[in-house]
Structure formats: structure tokens, C-alpha cells
Amino acid sequence: MATVDDLTGRKFGRWTVLKRVENNKVGRAMWLCECSCDSKTQKPLSSSVLKTGDSTSCGCFQKELASNVNRKYDIRLQSKRIYTIWNDMNRRCFNENCREFKWYGEKGITVCDDWSDENNGFPNFFKWSMENGYSENLTIDRIESDGNYEPSNCRWATKIVQANNKNNTIYVKINNVTKTVGEWSQESGIASGVIRSRLRSGWQNEDLLKHVKVKVSND
Ligand SMILES: [Zn+2]
């Protein structure tokens, strides 16, 4: 028999896992869960439904959203995507076993109380997302790359905006002075995208900030 990850006591959205119950018809582990809302609804759910955010409440959360948020999205689909993003964000900052913890939690980057709260962290984050430009082609971005996950430092952004923001984390040494690509760009007036593309093309560091006339090719 395969070992089953014990979920007793864990929280998934508004669900708290009370205990393991009889496997379902296809032999999957099932867990009796209780919703944290006033209804105290209990329901058996499978590990995967809980872990993927397929179900995050007895239905109370969806109802709240339907009445609070004016959107054009499929709530169920979007809540699943946002749940994964929310879950990953908290893992990076709080779970030492997470591969990315060393770049987040270990560096002191954290998630604000509103978004990491055991019961309402996800609903809070979801509401903030819907009210702050969430769209399914965007990902969560920290404006200051050494700042925390909190409303004042976060936005929903395209990958391009995020790549630009990462200028702040690429360091380049030129004439024995080390600065971030963003800083070199400001100082030289050369766009950071140009500096990064020169880096990728293998330019000598000393040449990265040269102003050169470039012939535009037609391809
Ligand atoms: Zn509920």
C-alpha cells in the first residue's frame, strides 16, 4: 500500500482537515474537512482536490465573491489558478523545504498577515487580486524585488514587466565597480534591455554601456 501524506490538521483555503475517512471508490485517500465559515459544513474530500485548490470552501467563498466582485471570469477556474499562485508564494516564504525558500524566506522576504492568515489568507488575496487588475495572463510581481508580498508592494504584471524588474537582481562589474543592471542603465542612459541582451551575446563588461549606432535589420 502506498504511503499517504497525512493531512490531518492542515488547512486548505477555508477547509480544515479533521480526519482521514474511508477511501473513495477508486481507492484514493479521503479526508473529512470542515469549513471555517459559520455553517461549519463538513465534507469528505480527496488529497488532490485539496492540494490543487479544486475546492477551497463549502461554497461560501464563491457566494461572497459573486456578490462582492464584478468580474467576467469563471470564478472556479480563476480561483484555482490564484490559489496555486497564493500557495506557491507562501511556500517560498515560509516552507524551508521549498526549493525557492533560499531566495525568499531565507532572505527575510515574507507574506503580510492578511495574505498568510490560515483561515482568510487565500480569500483576502483573492479579493485583492480581483480588485487590483488580476487577469489570467498576468502573474504576481513585487515592485521592489527585495520587498515583501503585501498590497503596497505587489501588482499583477506581464512577464516583460517582471523581467525588467529583475534588472535589480542582475549584478555586473564594470571597471571594478559592481552595480545592478538597473543602476547601470540609469547612469548610462542605455536601456536595461539592451544591457541584458549584450550580456547574453557575450559582450565584454567594459563595452556594455557603449553608445553605438546600430543598423536595424529587416528580419
Ligand atoms: Zn463555508
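The values are calculated or read from the model by the stated rules, or taken from the named source; none is laboratory data. None of these values were measured; they are calculated from a predicted model. When we count neighbours, we look across all protein chains shown, and the Cβ atoms used for this are built from the backbone with ideal geometry, even at glycine.
Quick notes on this structure:
- Long-range neighbours under 6 Å by Cβ, at least six apart or interchain, first residue over 23 Å from residue 103 (Cβ atoms) within the range 128-148, second aromatic (Phe, Trp, Tyr) and crowded, with 17+ Cβ neighbours inside 10 Å: 133/156; 134/156
- As a summary of the residue check, residue 163 satisfies the conditions (1) among the hydrophobic types (A, V, I, L, M, F, W, C); (2) over 21 Å from residue 15 (Cα atoms); (3) modelled with pLDDT of 85 or more except for the one numbered (3).
- Looking only at residues of the range 13-29 that are surrounded by 16 or more Cβ atoms within 10 Å (Cβ to Cβ) and free of Cβ contacts under 8 Å to residues at least 60 places away in the same chain, we find that the one that is farthest from residue 84 (Cα to Cα) is 20.
- Considering residues of the range 32-58 that are loosely packed, with under 15 Cβ neighbours inside 10 Å and within 9 Å of the ligand (Cβ to nearest atom) only, the residue nearest to residue 8 (Cα to Cα): 40
- Residue 183 vs. criteria charged (D, E, K, R) and loosely packed, with under 14 Cβ neighbours inside 10 Å: no
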